[in-house]
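Chemist: Just dropping this structure here.
All of the numbers you see were taken from the coordinates with simple rules; none came from a lab. Being a predicted model, the structure only gives us computed values, none of them experimental. Virtual Cβ from ideal backbone geometry, glycine too; neighbours counted across all protein chains shown.
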């Protein structure tokens, strides 16, 4: 009986005995807070795009069978694709690809009843090229060959990283200059970097272009010289922005 009581007391002592553990921070002391200055700078410039991407749509329909709607679409798509293939330079990074292909029945409603109207097939050919001087002719000829609409037209830069690197370098240098000016005015000196956050963005004005095959057929042909010049499409410029937010330690 005494052994049992003694074991119980020892267990209670082990459980209730407090422990004292000192962390390294408590021994060495916390690092004193250091003063710093926050600055920001945004560098920007306008550059000319070197790449264009256009989405050319071919849409067909048939009121009898889906097979006929598909056949019509393939016939027109093959003509447009064959032409476009001869206008690009794959070794220069140009390419063609199919996007948003769809084939589905279309219905109308009459007296709350759904009635089959026709079968529709849609196919988009994406043209990605650096031959900006050809884009007007590419669009006009594609519509002439049976393409239905131009769904989108976007100009861009192929070397975005190089443009960002140049501006970020400039923005960082200017941010440091601002920090030195503020520090000197406050009777301090910049002694190091606390942290730096950077970002780079692009902003381009997208040209609005819309045409369809019916418009092309109805448009009067002034003369052979004008007919060969193509639609007037301006690529414009692209604005590149690089922003730096930096905190510098002072003494």
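Chemist: Using a basic spin-label model with each label point 7 Å from the Cα along Cα→Cβ, how many nm lie between residue 85 and residue 177?
Modeler: In this crude label model, residue 85 to residue 177 measures out at 5.5 nm.
Chemist: I want to check the label-to-label distance for residue 166 and residue 78. Put each point 7 Å from Cα in the C-beta direction and report it in nm to one decimal.
Modeler: So the two model labels end up 4.7 nm from each other.
Chemist: While we're looking at this one, here's another question. Cut-off is 10 Å between beta-carbons; in what order do 89, 137 appear when sorted fewest neighbours first?
Modeler: 89, 137
Chemist: Return the Cα extents of segment 51-156 along principal axes one, two and three, sorted largest first, each rounded to a whole Å.
Modeler: Principal axes ranked by extent give 55, 24, 20 Å for the Cα atoms.
Chemist: Take every Cα pair under 8 Å in segment 51-156 that's 6+ residues apart, average their separations, divide by the length, and report that relative contact order as a whole percent.
Modeler: 48
Chemist: On to the next question. Return the distance in nm (one decimal) between the two label points of a simple spin-label model at residue 97 and residue 199, each offset 7 Å from Cα along Cα→Cβ.
Modeler: 2.7
Chemist: At a Förster distance of 25 Å, what's the computed FRET efficiency of residue 247 paired with residue 45, Cβ-Cβ distance as r, to 0.05?
Modeler: My answer for the efficiency is 0.45.
Chemist: Going 7 Å from the Cα of residue 65 in the Cα-to-Cβ direction, what parts of segment 93-124 have a backbone nitrogen less than 14 Å from that spot?
Modeler: Within reach of a label on residue 65: 119.
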